[in-house]
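**Student:** Before I ask anything, here is the structure I am working with.
The values are calculated or read from the model by the stated rules, or taken from the named source; none is laboratory data. Predicted model only: the values in this text are computed from it and were never measured. So basically every Cβ, Gly included, is an ideal-geometry build from the backbone, and we count neighbours across all protein chains shown. Each accessible area value is taken on the protein alone, full model and side chains, heavy atoms only, with ligands, DNA and RNA left out. Shrake-Rupley method; radii C 1.70, N 1.55, O 1.52, S 1.80 Å.
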Amino acid sequence: MNLAAGPAIIESSSKARNCTGLSGSCSGLSTMEFQSPFPDQVLENVLDNVLHFLTSRRDRNAASLVCKSWYRVEALTRSNLFIGNCYVVSPRRATGRFTRIRSVAIKGKPRFADFDLMPPNWGAHFSPWASAMATAYPWLEKVYLKRMSVTDDDLVLLSESFPGFKELVLVCCEGFGTSGLAVVASKCSQLRVLDLIESEVTDDEVDWISFFPESQVHLESLIFDCVECPISFEALERLVARSPASEAIALGEQEPDYVSAFAASKSLVCLSGFREIWPDYLPAIYPVCAKLTSLNFSYASITPEQLRSVICHCHKLQTFWVLDSICDEGLKAVAATCKDLRELRVFPVDAVEDSEGPVSEVGLRAISEGCRKLQSILYFCQRMTNAAVIDMSNNCPDLMVFRLCIIGRYRPDPVTGEPMDEGFGAIVMNCKKLTRLATSGLLTDRAFSYIGKYGKLIRTLSVAFAGDGDMGLKYVLEGCPKLQKLEIRDSPFGDAALHSGLHHYYNMRFLWMSSCKLSPQGCQEIARALPHLVVEVIKSEDKEMDDSVEILYMYRSLDGPRDDAPKFVSILQ
């Protein structure tokens with residue numbers, strides 16, 4: 001997102017506008033007579049029509065850099081606003097430039113906050129954004145928030161400020177409860193999507209589902225499997241019955257009447273939210289399985305036998321999330337049926353380091369052989385071999401996301417005893433579209449040399465318990481030109497490795513390093529060398545600052561350091 005055109009761009013804007021005349025030569029006419037006779041307003045009307053065809057935010061960002069006119073018109077024609085870090089720009093600056101926004105997506109805390117690596121109350125408050133949008137965007141229809149702190153008052157403000165509000169998606173958010181949801185349900189009469197995904201919802205003893213009005217017939221997606229508060233299933237059944245366009249439903253922690261619910265849902269393509277699997281209820285799912293493109297069993301422990309009875313009907317499935325309770329046998333059943341699968345996530349029931357685990361290289365190899373259209377995989381396991389990972393790189397060359405999480409520190413290939421270098425090397429060599437990679441297992445600097453040499457499109461890299469020393473990180477920072485997000489924990493990278501990325505940090509969204517070998521002096525040098533980079537040194541709330549750096553979080557910002565940093569955050573200048 002380009003929020004401020006550089007001087008060179010502004011100075012050259014008149015030249016760019018004037019280079020629109022006819023080419024060629026004609027005797028007796030000067031060069032000036034071939035310049036565009038149209039005023040700026042006419043050109044901007046033309047640009048307005050052209051820019052409407054640009055839907056990718058990266059394409060629009062590039063267009064805004066062409067000249068001053070493009071910069072201005074791009075802002076006026078943009079309807080979708082994406083903020084990858086809520087502190088990269090102030091709400092005032094964003095709403096001041098983009099004035100016709102209908103959809104807003106904002107991300108807050110970095111991903112490692114999901115693993116309790118960030119102290120509570122760090123920040124990422126939605127309130128200033130909600131206040132700014134309430135006055136600036138009266139036509140707002142959609143809000144997507146991820147890892148943000150959202151209050152009930154924020155939800156009330158959203159509900160009362162936007163009469164045409166249609167979609168609210170809260171992913172990994174916290175701070176709100178069922179009272180706020182009740183207000184959203186009762187006041188957003190045009191609501192089509194209300195998705196609460198892995199968010200923490202406080203039980204205010206309010207049956208928020210019952211607050212949807214009887215006139216609510218627009219609902220297409222309702223996901224609340226993370227909500228553990230009891231609800232009225234009768235109210236939910238009535239809501240689904242009067243919403244014929246419902247395509248997704250995810251139930252909370254209830255014991256529902258599945259037969260009635262699915263009988264009322266003729267258009268379901270997405271199904272999730274099972275907290276427990278009752279064998280007697282599984283047949284009720286069969287009628288909707290044939291149309292399903294997305295199925296989420298990641299909250300319920302399901303056996304291989306139970307899964308086989310369902311998955312055999314899911315030939316159109318493209319997205320599947322599940323617990324590792326399905327074992328390698330269950331993954332084989334998925335591979336045999338789901339030939340169109342694009343995304344697979346396998347989560348652990350019990351992330352214990354010293355155990356064999358129910359899924360392994362056997363299940364991964366089966367998936368790679370049976371689901372060759374796979375584009376994204378997240379796979380938790382206790383053991384993995386280089387051979388299985390190499391097979392996946394060969395069988396699934398369209399992979400864009402490969403996240404292998406071997407539970408346990410520094411685990412080598414159990415068959416050969418070798419590091420996992422060659423497996424990850426094969427992934428970056430053979431999967432030419434790879435943009436996101438998460439490493440695990442025993443890795444040496446050789447693995448990072450492969451990533452730096454072949455991972456030219458990687459934008460997000462996650463590293464844990466890996467590497468020999470500074471050279472590993474240098475390979476990555478010097479070899480991955482597209483790198484945007486880099487998160488590292490418990491690895492032997494120090495100041496020299498950190499300084500090797502000075503040339504690239506302004507181009508990145510953020511860098512996170514925790515429990516590495518950084519010094520306060522090394523971090524201070526980065527802050528002095530790159531004054532427009534925000535360098536936060538974070539410590540646990542109950543820990544005194546010493547000569548070691550517990551957490552380093554760096555990100556670019558157009559408005560400088562934030563003003564809501566808690567005491568355990570030191571922003572280096």
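**Student:** State whether the residues of region 127-140 include one that is under 28 Å from residue 296 (Cα atoms) and buried (at least 21 other Cβ atoms within 10 Å of the Cβ).
**Tutor:** For region 127-140, residues under 28 Å from residue 296 (Cα atoms) and buried (at least 21 other Cβ atoms within 10 Å of the Cβ): absent.
**Student:** Just a yes or no: is a residue in region 477-486 touching a strand residue (DSSP E or B) at 6+ places or on another chain (Cβ under 6 Å), open to solvent by 10 Å² or more (accessible area, probe 1.4 Å), farther than 18 Å from residue 447 by Cα and not charged (D, E, K, R)?
**Tutor:** No, every residue in region 477-486 fails to be touching a strand residue (DSSP E or B) at 6+ places or on another chain (Cβ under 6 Å), open to solvent by 10 Å² or more (accessible area, probe 1.4 Å), farther than 18 Å from residue 447 by Cα and not charged (D, E, K, R).
**Student:** In region 406-424, is there at least one residue being among the acidic types (Asp, Glu), under 16 Å from residue 464 (Cβ atoms), open to solvent by less than 20 Å² (accessible area, probe 1.4 Å) and out of contact with any Pro (no Cβ under 8 Å at 6 or more places or on another chain)?
**Tutor:** Yes, that holds for at least one residue.
**Student:** For region 145-155, which residues satisfy the criterion of being outside any loop (DSSP other than H, G, I, E, B) and surrounded by fewer than 19 Cβ atoms within 10 Å (Cβ to Cβ)?
**Tutor:** Passing the criteria: only 153.
**Student:** Among the helices (runs of 4 or more DSSP H) confined wholly to region 189-299, which include 3 or more residues that are at pLDDT below 85 and open to solvent by 60 Å² or more (accessible area, probe 1.4 Å)?
**Tutor:** 233-241
**Student:** Check region 542-554 and report whether any residue there is in contact (Cβ under 8 Å) with a residue 40 or more places away in the chain and open to solvent by 10 Å² or more (accessible area, probe 1.4 Å).
**Tutor:** no
**Student:** Another question, then. For region 380-399, give me each residue that is buried (at least 21 other Cβ atoms within 10 Å of the Cβ) and more than 15 Å from residue 355 (Cβ to Cβ).
**Tutor:** 385, 386, 388, 389, 392, 393, 396, 399
**Student:** For a quick check of your reading of the model, give me the residue pairs whose first member lies in region 101-113 and is more than 21 Å from residue 168 (Cβ to Cβ), whose second is open to solvent by less than 10 Å² (accessible area, probe 1.4 Å), with beta-carbon atoms closer than 6 Å and at least 6 apart or on different chains.
**Tutor:** Within 6 Å, the pairs are 110/512; 112/487; 112/512.
**Student:** Considering (1) under 26 Å from the mean Cα position of the chain (by Cα); (2) buried (at least 18 other Cβ atoms within 10 Å of the Cβ), say which one residue 307 fails and leave the rest.
**Tutor:** The one condition residue 307 does not meet is (1).
**Student:** Name every residue in region 459-471 that is more than 21 Å from residue 525 (Cα to Cα) and either open to solvent by less than 30 Å² (accessible area, probe 1.4 Å) or of a type outside the set (Lys, Arg) (or both), in order of residue number.
**Tutor:** 460, 461, 462, 463, 464, 465, 466, 467, 468
**Student:** If I ask for residues that are open to solvent by less than 50 Å² (accessible area, probe 1.4 Å) and out of contact with any Leu (no Cβ under 6 Å at 6 or more places or on another chain), which ones from region 318-332 would you list?
**Tutor:** Of everything in region 318-332, those that are open to solvent by less than 50 Å² (accessible area, probe 1.4 Å) and out of contact with any Leu (no Cβ under 6 Å at 6 or more places or on another chain) turn out to be 319, 321, 322, 323, 324, 325, 327, 328, 331.
**Student:** For region 435-444, enumerate the residues that are surrounded by fewer than 21 Cβ atoms within 10 Å (Cβ to Cβ) and over 21 Å from the mean Cα position of the chain (by Cα).
**Tutor:** Selection gives 442, 444.
**Student:** I'd like the full set of residues that are surrounded by fewer than 18 Cβ atoms within 10 Å (Cβ to Cβ), of a type in the set (Asp, Glu), without any contact (Cβ under 8 Å) to a residue 40 or more places away in the chain and farther than 27 Å from residue 197 by Cα, limited to region 333-366.
**Tutor:** Within region 333-366, just 356 meets the criteria.
**Student:** Restricting attention to region 65-112, and to residues there that are of a type in the set (Val, Ile, Thr), open to solvent by 10 Å² or more (accessible area, probe 1.4 Å) and not in a helix (DSSP H, G or I), which single residue is farthest from residue 485 (Cα to Cα)?
**Tutor:** If we take residues in region 65-112 being of a type in the set (Val, Ile, Thr), open to solvent by 10 Å² or more (accessible area, probe 1.4 Å) and not in a helix (DSSP H, G or I), then 99 is farthest from residue 485 (Cα to Cα).
**Student:** How many residues are touching a helix residue (DSSP H, G or I) at 6+ places or on another chain (Cβ under 6 Å) and either part of a loop (DSSP other than H, G, I, E, B) or under 20 Å from residue 296 (Cα atoms) (or both) if we restrict to region 163-188?
**Tutor:** Of the residues in region 163-188, 1 are touching a helix residue (DSSP H, G or I) at 6+ places or on another chain (Cβ under 6 Å) and either part of a loop (DSSP other than H, G, I, E, B) or under 20 Å from residue 296 (Cα atoms) (or both).
**Student:** Moving on to the next point. Say whether the condition of being in contact with a Gly (Cβ under 6 Å, 6 or more places away or on another chain) and open to solvent by 10 Å² or more (accessible area, probe 1.4 Å) is met by at least one residue in region 426-434.
**Tutor:** For region 426-434, residues in contact with a Gly (Cβ under 6 Å, 6 or more places away or on another chain) and open to solvent by 10 Å² or more (accessible area, probe 1.4 Å): absent.
For every residue, the table says whether it meets (1) among the aromatic types (Phe, Trp, Tyr); (2) within 18 Å of the chain's Cα centre (by Cα); (3) at positive phi.
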position: 122; (1), (2), (3): yes, no, no
position: 135; (1), (2), (3): no, no, no
position: 146; (1), (2), (3): no, yes, no
position: 162; (1), (2), (3): yes, no, no
position: 173; (1), (2), (3): no, yes, no
position: 177; (1), (2), (3): no, no, no
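**Student:** So, in region 165-179, exactly how many residues are closer than 21 Å to residue 100 by Cβ, open to solvent by 30 Å² or more (accessible area, probe 1.4 Å) and not basic (Lys, Arg)?
**Tutor:** 1
**Student:** Select from region 127-184 the residues that are among the polar types (S, T, N, Q) and either in contact with a Gly (Cβ under 8 Å, 6 or more places away or on another chain) or over 19 Å from residue 113 (Cβ atoms) (or both) and list them in ascending order.
**Tutor:** Answer for region 127-184, where residues must be among the polar types (S, T, N, Q) and either in contact with a Gly (Cβ under 8 Å, 6 or more places away or on another chain) or over 19 Å from residue 113 (Cβ atoms) (or both): 131, 135, 149, 151, 159, 161, 178, 179.
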